[in-house]
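Comments concern the structure below.
No value in this document is a laboratory result; all are computed from the given coordinates. Since the model is a prediction, treat every value here as computed from it, not as a measurement. Because the Cβ atoms are built from the backbone with ideal geometry, glycine has one as well, and the counts that use them run over all protein chains shown.
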Amino acid sequence: MTTAVGSIGERGHGIQATAGTRRLHDRLLRQVERLGELAAGPGEELLTHAEVVSAWSVAEHLEHLVLSDRAMLGGLDRLLAGPPPEPIPGVNIWGRLVLLSGFLPRGKGRATKPFLPSSGAIEPVRQGIEEIEHRLRALGGRLGELERAPGRFKHLLFGGLGSVQWLRVLEIHHHHHLKIIRDIRDTLGFTT
């Protein structure tokens, strides 16, 4: 397990993150490590569909996570660069419910076009997960700065979220898809 505590970046920036944010970051890194393990699996396990669970294969769920993670991490980069020029209203009731419960109901939210899996190719998904892991590890050195970053950026359903709220949404979204992937693999008889 890798931790962000005491990383070079935090010492370099001189801003220590709270223990809660460091734990959240550690959980995200463990989730992305699990995504990498899944992506390393045989093509048969990644490309087979279990329609009773999901219309997407494991590879498609992983591709969706790569696409959405890139967008969320890009938003965090923008927040670290400075507040947006226009103020954005805060989180709405749906966002509060998801952030507090840590739960996304299955089949209720639909991915918008930029986040729909399209390629079905495994290697770009594997490379994408490596990229996401690298970006999350690099972000570990800026957690204290991220906590103090002013401004928000808008989520399609949850309203304007601050930086730590976006980290939490990343975690919740990963957890949601990891559960679906587990159920696909169980249904198809794949183990581990």
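Things worth noting here:
- Available extension along the chain between R110 and E33 is 25.2 nm, counting 0.36 nm per residue and deducting the alpha carbon span.
- Spatially, the stretch 116-164 and the stretch 14-46 are offset by 11 Å when compared through their Cα centroids.
- Debye, to nearest 20: dipole size of the stretch 25-95, +1 on Lys, Arg Cβ, -1 on Asp, Glu Cβ: 320
- Assigned charges on the beta-carbon of Lys, Arg, Asp, Glu; the chain dipole about Cα centre (debye): 760
- Modelled spin-label separation between A40 and A81, with each label point placed 7 Å from Cα along the Cα-to-Cβ direction: 3.4 nm.
- Local electrostatic count at G159 - Lys and Arg +1, Asp and Glu -1, tallied over other residues with Cβ under 12 Å: +3
- Approximating the spin labels as points 7 Å out from Cα along Cα→Cβ, the D186-to-I88 distance works out to 3.5 nm.
- Net +/- balance of residues flanking G107 in space, Cβ distance below 15 Å, scoring K and R +1, D and E -1: +2
- The residues neighbouring L97, those whose beta-carbon lies less than 14 Å from its own, together hold a net charge of +3 under the Lys/Arg +1, Asp/Glu -1 convention.
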